[in-house]
Amino acid sequence: MKIIISNSSPDPIYEQITRQVKAQIISGDLREGDPLPSIRKLAHDLQISVITTKRAYEELEKEGFIDTVEGKGSFVAMQNKELLREKKMKLVEEKLAGAVEEAKLLGIGLAELREMLALLHGEKE
Amino acid sequence: MDNAIEIKGLRKAYKSFTLDGVTFDVPRGYITGLIGPNGAGKTTVIKLIMNLIRRNAGEVKVFGLDNLRHEPEIKARIGFVYDVPRFPEDLRLEQIASALAPFYPKWDRGRFLALLDDFKLSPRTVFKKLSHGMKMQFSLALALAHDADLILMDEPTAGLDPVFRFELLEKLRALIQDERKTVLFSSHITSDLERVADFITFIHRGRIMFSAGKDDILESWGVVRVSGGGLRPEDVPGLRGYRRSEYSLEALTSDIAAARSRFGGSAACDKASLEDIMFFISRGDTHA
């Protein structure tokens with residue numbers, strides 16, 4: 001598991017952790033059943049509060065990304081393929097929403113945005 | 001959550017300063033920072049926990065035991081690090097350790113030597129030859145070597161350079177890998193606590209202003225800035241202090257979300273650092 005915490009980021013630290021862990025699960029870098037470091041170990045490695053890592057793990061658990069077994073630790077949860085795809089879709093949606101937001105600030109209209117998107121999509125193929 | 005320290009209604013009156021109504025808990029298994037400006041009463045609180053001075057009223061429980069009635073057994077489980085460690089100047093570090101060891105049933109000489117090695121201190125060095133930072137390291141090594149359940153430190157990072165400070169904080173984080181260990185340390189260097197502390201207790205003019213989880217504080221408190229005279233401090237939701245200048249009003253709020261929805265884009269709403277909080281509460285024009 002790789003996590004980098006930025007002190008200057010406007011996002012709370014627990015969110016930085018959940019975002020990075022989720023991304024690694026979705027990308028497959030972290031696989032089903034992989035153990036995560038303990039809450040206290042992660043806090044120590046990142047030099048942050050135990051409460052922060054605890055909260056990050058709680059969020060990940062609530063969203064079904066990880067399971068915590070009392071006395072054994074936390075593991076990457078069984079990922080339902082359907083659910084995983086849905087989560088990835090949501091990620092794409094979020095990123096698009098961000099792009100739309102930026103475009104609106106610059107006064108870029110839908111037609112122009114479509115053109116840009118088509119161009120980008122074509123390039124990658 | 002169980003507590004390593006529970007303090008209720010603590011009072012200590014001096015001629016020119018009174019600590020009063022001090023009530024807060026130090027949760028076991030975490031690092032708690034006691035912050036406040038110079039003269040706020042941080043050292044007085046720590047001395048009262050250690051029973052180094054007589055209290056006028058109130059109660060202090062350490063490990064669930066009254067700190068006066070169970071003083072010896074409590075102290076055997078506390079590692080106390082003074083802001084300026086004092087030991088006989090001409091003794092070698094190993095001699096000081098041997099003299100103190102009998103007071104601590106869980107003293108571990110091997111661990112002590114390993115810690116000195118960690119800190120690159122020689123047990124044969126004479127105490128007076130140590131720099132301030134090295135004295136702090138030695139003092140912490142003593143506390144850790146008797147396997148203290150509670151590390152109590154008064155301004156441990158004051159006067160230390162960033163390298164020493166970072167190393168000390170790292171040791172504290174390592175210590176609470178064991179969830180039965182607890183750390184309480186006072187500091188006016190808020191950046192040290194900003195990252196490493198789990199809980200923050202803020203003391204000002206002998207009274208506790210708040211005591212809460214550090215994440216909760218840093219997420220919900222904020223500073224609102226508006227230019228011109230259009231805004232009255234009373235209009236800021238959750239107002240905790242403000243400063244007015246010719247051009248602007250800056251206000252500290254404990255509810256930045258409410259301030260954001262109230263002012264929208266007409267004010268700059270930023271997160272507050274512990275330093276901001278300390279500044280506005282103690283030096284601002286007024287505090288609510």
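The values are calculated or read from the model by the stated rules, or taken from the named source; none is laboratory data. Keep in mind the model is a prediction, meaning the values are calculated, not measured. Note: ideal-geometry Cβ built from the backbone for every residue, glycine included; neighbour counts use all protein chains shown.
Filtered by the rule that a residue be in contact with a Lys or Arg (Cβ under 8 Å, 6 or more places away or on another chain) and at the interface with chain B (Cβ under 9 Å from one of its Cβ atoms), region A:13-48 gives A:TYR14, A:ALA43, A:HIS44, A:GLN47, A:ILE48. Take A:ALA118 and decide whether it is within 30 Å of B:ALA212 (Cβ to Cβ) and either more than 14 Å from chain B (Cβ to nearest Cβ) or not acidic (Asp, Glu) (or both). When the stated conditions are applied, A:ALA118 does not pass them. Testing B:VAL224 on (1) crowded, with 18+ Cβ neighbours inside 10 Å; (2) modelled with pLDDT of 90 or more; (3) more than 30 Å from B:ARG11 (Cβ to Cβ); (4) within 14 Å of chain A (Cβ to nearest Cβ), one condition comes back false. Which one is that? Failing condition for B:VAL224: (4).
Please go through region B:233-247 and pick out each residue that is exposed (fewer than 15 other Cβ atoms within 10 Å of the Cβ) and in contact (Cβ under 8 Å) with a residue 12 or more places away in the chain. Result: B:TYR247, single match. Taken together, the residues in region B:176-191 that are within 11 Å of chain A (Cβ to nearest Cβ) and in contact with a Leu (Cβ under 7 Å, 6 or more places away or on another chain) amount to 1.
For region A:74-88, enumerate the residues that are among the polar types (S, T, N, Q) and either without any contact (Cβ under 8 Å) to a residue 24 or more places away in the chain or out of contact with any strand residue (DSSP E or B) (no Cβ under 6 Å at 6 or more places or on another chain) (or both). Listed by number, the residues that qualify are A:GLN79, A:ASN80.
The condition of being crowded, with 17+ Cβ neighbours inside 10 Å and either within 30 Å of B:ILE200 (Cβ to Cβ) or within 13 Å of another protein chain (Cβ to nearest Cβ) (or both) holds for A:ILE51.
Selection within region B:1-42: residues that are small (Gly, Ala, Ser), in a strand (DSSP E or B) and touching a residue at least 60 places away in the same chain (Cβ under 8 Å). The member of this set that is nearest to the other protein chains (Cβ to nearest Cβ) is B:GLY33.
Here's the yes/no breakdown for (1) within 14 Å of chain A (Cβ to nearest Cβ); (2) surrounded by fewer than 22 Cβ atoms within 10 Å (Cβ to Cβ); (3) in contact with a Pro (Cβ under 6 Å, 6 or more places away or on another chain):
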{"position": "B:THR125", "(1), (2), (3)": "no, yes, no"}
{"position": "B:GLY133", "(1), (2), (3)": "no, yes, no"}
{"position": "B:ASP147", "(1), (2), (3)": "no, yes, no"}
{"position": "B:GLU170", "(1), (2), (3)": "yes, yes, no"}
{"position": "B:ILE203", "(1), (2), (3)": "no, no, no"}
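For every residue, the table says whether it meets (1) surrounded by fewer than 17 Cβ atoms within 10 Å (Cβ to Cβ); (2) in contact with a strand residue (DSSP E or B) (Cβ under 6 Å, 6 or more places away or on another chain); (3) not assigned by TED's automatic domain parsing to the domain that holds B:LEU168.
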| site | (1), (2), (3) |
| --- | --- |
| B:LYS8 | yes, yes, no |
| B:ARG11 | yes, yes, no |
| B:ILE35 | no, yes, no |
| B:ALA57 | yes, yes, no |
| B:LEU68 | yes, no, no |
| B:ILE74 | no, yes, no |
| B:VAL84 | yes, no, no |
| B:GLU94 | yes, no, no |
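Regarding A:LEU42, is this residue crowded, with 16+ Cβ neighbours inside 10 Å and either out of contact with any strand residue (DSSP E or B) (no Cβ under 7 Å at 6 or more places or on another chain) or of a type in the set (Phe, Trp, Tyr) (or both)? Judged against the criteria, A:LEU42 is a match. Among the residues making up region A:54-83, a single one is among the aromatic types (Phe, Trp, Tyr) and within 14 Å of chain B (Cβ to nearest Cβ): A:TYR57.
Taking residues in region A:58-73 that are closer than 15 Å to A:ARG40 by Cβ, and partners anywhere that are in a loop (DSSP other than H, G, I, E, B) and at pLDDT 90 or above, the pairs with Cβ atoms closer than 9 Å and at least 6 places apart or on different chains are A:GLY73/A:PRO37; A:GLY73/A:SER38. Those residues that are closer than 21 Å to B:PHE210 by Cβ and surrounded by fewer than 16 Cβ atoms within 10 Å (Cβ to Cβ), I need them from region B:259-272; list them, please. Listed by number, the residues that qualify are B:ASP270, B:LYS271. Quick one: would you say A:LEU91 is touching a residue at least 24 places away in the same chain (Cβ under 8 Å), away from chain B (no Cβ under 14 Å) and not charged (D, E, K, R)? In short, yes.
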